[in-house]
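The values are calculated or read from the model by the stated rules, or taken from the named source; none is laboratory data. Note that this is a predicted model, so its numbers are computed, not measured. Cβ: placed from backbone, ideal geometry, glycine included. Neighbour counts: every protein chain shown. Each accessible area value is taken on the protein alone, full model and side chains, heavy atoms only, with ligands, DNA and RNA left out. Shrake-Rupley method; radii C 1.70, N 1.55, O 1.52, S 1.80 Å.
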Amino acid sequence: TVSQKYYAYVGGLVGYNNNQGTIQNCYRYSNQIISVKEGTSISNEPTNTAGVQTSIENFYSEYWCQHVLGWTEIVIWDFDGDFPTLNYVVINSDLTIIISTAEELKALQGVVLTQNYILGANINLNGMEWTPIVGVMGEFDGNGFTIFNFKITTINYGFLGLFRYNSGIIKNLGVENFTISSSSHSDLYAGGLVGYNIGEIMNCYATGDVSATSSDAYAGGLVGYNIGEIMNCYATGDVNETPFYAYAGGLVGYNIGEIINCYATGDVKASATAASAKAYVGGLVGYNRGTITNSYATGNVSATSFGDDAYVGGLVGYNRGTIANSYATGNVSATSFDVYVGGLVGYNYYSEIANSYATGNVSATSSNADAYAGGLVGYNYNSGIANSYAMGDVSATSSDDNADAYAGGLVGYNDRGTIT
C-alpha cells in the first residue's frame, strides 16, 4: 500500500521502469493486492481520494495482457508447472512469441502487438464473436497456418477484421470461415484480415464474407483500406455494401498503396441507402489511387439503385493509378443516375492501363442521366490504354430523352485519352 502527496509508482513486480531496463521471464504470485491512494497534488486537486484495491490473479489475465513493462509485453504465461514461464523463442535476437492455442490468441484481443508473433498451429475459434486485435506494429507470422471459425457482428464502428490495423508486417497467414457484418453512422473500414493497412501484407488469404453499412464504407475481402503493400495474397469471399458512399472490392475497398500478384474470386455488390449515394465497386479494388500489377478478379460485380454516380469495373471501379498485366473475367452491371461500367475499369482518370484484358459482359443502365459502358473501360479521361483487349458483350441504356448512352467494345467514351 502506497500513500504519497505527489507521484506514486506502484507495482507488484516493478514500481517504475521508464524503459531503462529489460524485464523478461519474471512473474508475481497470485492473490496479491495493489492499493493506491491519491493525495494532494500541487494543482490542488481533491485530497484523500479513497484507495482502489485490485486483485491480480496472474499475468495471464486480460489486464496484464494489455500492459507493457519497458515496451516488453507480458503475455502467454504457462502456469502448468511449478513456476510460470513465458512461451517464446528467440529468432535473430528478437523476442518472438509463439501462439498455438485459441486461448493464447484470445488473450491478444484488444491489444496492440509491438513484439513479433508466430503461429505454432491452426487455430479454431469455434464461431466466437471476435474482438479484433488492435494492431500489428511488429511482425505477425502465420507460419503457413490458419485462423478460422469466427465472426464480427456486434461492433458497429471503426476498423474491423482479425486485426483492426497493420503498420508492421503480416505474412504467411490464412483466415477462413469467418463473417464480418457491421453497420455504422460513421466511417467503417472492414476486411477479413485487416481493416486498415499501412504496413506490409504478404502471402496471406481470406475466404469469408464481408458486409458493411455506413455513411462511408470501405470494405474488401482481405483489407478495407490499403496505404501499404499487399503481395501474393487472395480473397475468395463475397463483399456486400449498402452505404451512402460505397468503396467495395473483392480484395481491397480503397487502395493508395501497391497490390502485386493478388487475386479475388468472390462477387462484389453494392446497393444504395440514400438518393444521393455514390458507388465505387470493383472485383479486386473499389477505388484505386495506387499500383496494381499481375493481379486479377473473377467474380461478378454489380451496383444497384444509386441516385448519384456509380463507377463499376470487373477489376477496379474508379482508377486514378496504374494497372498493368492484370485482368477480369466476371460480368459487370450497374444502375444509377450517371453510370460508368467497364469489364476491367468503370472510370479511368489520368491513369495508365497496360497489358490487361477483360472477358465479362458489361451492362450500364441510367433512368435519369448518361450511361457509359465499355468492354474494357466505361469512361477513359486523359488516360492511356496500351496493349489491352476486351471480349464481352456490352450494352448501355438511358431512359431519359435528354440523356445519352455510350457503348463500346473496348471503351464506352474516350475523352482526350490515348488508346494504343
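What residue, among those in segment 322-345 that are open to solvent by less than 10 Å² (accessible area, probe 1.4 Å) and in a loop (DSSP other than H, G, I, E, B), is farthest from ILE385 (Cα to Cα)? So, considering only residues that are open to solvent by less than 10 Å² (accessible area, probe 1.4 Å) and in a loop (DSSP other than H, G, I, E, B), the one farthest from ILE385 (Cα to Cα) is GLY330.
For segment 196-213, filtered to residues that are part of a loop (DSSP other than H, G, I, E, B) and within 18 Å of THR236 (Cα to Cα), the residue that is most open to solvent (accessible area, probe 1.4 Å) is ASN203. Within segment 292-320, which residues are open to solvent by 10 Å² or more (accessible area, probe 1.4 Å) and under 23 Å from GLY257 (Cα atoms)? Residues satisfying the conditions are THR293, ASN294, TYR296, THR298, TYR311, TYR318, ARG320.
For segment 64-83, indicate whether the set of residues that are within 17 Å of ARG164 (Cβ to Cβ), modelled with pLDDT under 90, open to solvent by 50 Å² or more (accessible area, probe 1.4 Å) and polar (S, T, N, Q) is non-empty. Within segment 64-83, one or more residues are within 17 Å of ARG164 (Cβ to Cβ), modelled with pLDDT under 90, open to solvent by 50 Å² or more (accessible area, probe 1.4 Å) and polar (S, T, N, Q). Looking across segment 235-268, the residues that are modelled with pLDDT of 95 or more, open to solvent by 50 Å² or more (accessible area, probe 1.4 Å) and either part of a strand (DSSP E or B) or in contact with a Leu (Cβ under 8 Å, 6 or more places away or on another chain) (or both) come down to GLU258, TYR263. Candidates in segment 396-409 are the residues that are open to solvent by less than 50 Å² (accessible area, probe 1.4 Å) and outside any strand (DSSP E or B); of these, the one that is nearest to ILE385 (Cα to Cα) is ALA403. Selection of first residues in segment 236-258 that are of a type in the set (S, T, N, Q) and of second residues that are outside any loop (DSSP other than H, G, I, E, B) and open to solvent by 30 Å² or more (accessible area, probe 1.4 Å), restricted to Cβ pairs under 7 Å at least 6 apart or on distinct chains, gives the following pairs, ordered by first then second residue: ASN240/SER211; ASN240/LYS269; THR242/THR213; THR242/SER271. In segment 210-225, the residues that are among the acidic types (Asp, Glu) form Cβ pairs under 8 Å with partners that are buried (at least 24 other Cβ atoms within 10 Å of the Cβ), at six or more places apart or across chains, as follows: ASP216/LEU188; ASP216/PRO243; ASP216/TYR247. Among the residues in segment 280-291, are any open to solvent by 10 Å² or more (accessible area, probe 1.4 Å), hydrophobic (A, V, I, L, M, F, W, C) and either out of contact with any Lys or Arg (no Cβ under 8 Å at 6 or more places or on another chain) or modelled with pLDDT of 95 or more (or both)? No, every residue in segment 280-291 fails to be open to solvent by 10 Å² or more (accessible area, probe 1.4 Å), hydrophobic (A, V, I, L, M, F, W, C) and either out of contact with any Lys or Arg (no Cβ under 8 Å at 6 or more places or on another chain) or modelled with pLDDT of 95 or more (or both). Inspection of segment 299-307 identifies no residue that is outside any loop (DSSP other than H, G, I, E, B) and under 17 Å from GLY408 (Cα atoms). So, in segment 346-368, of the ones that are open to solvent by less than 10 Å² (accessible area, probe 1.4 Å) and in a loop (DSSP other than H, G, I, E, B), which residue ends up farthest from TYR296 (Cα to Cα)? That would be SER351.
Does GLU139 satisfy the condition of being in contact (Cβ under 8 Å) with a residue 24 or more places away in the chain and within 23 Å of ILE198 (Cβ to Cβ)? Here the answer is yes, as GLU139 does meet what is asked. In the condition set (1) crowded, with 24+ Cβ neighbours inside 10 Å; (2) out of contact with any Lys or Arg (no Cβ under 7 Å at 6 or more places or on another chain), ASP216 is compliant with all but (1).
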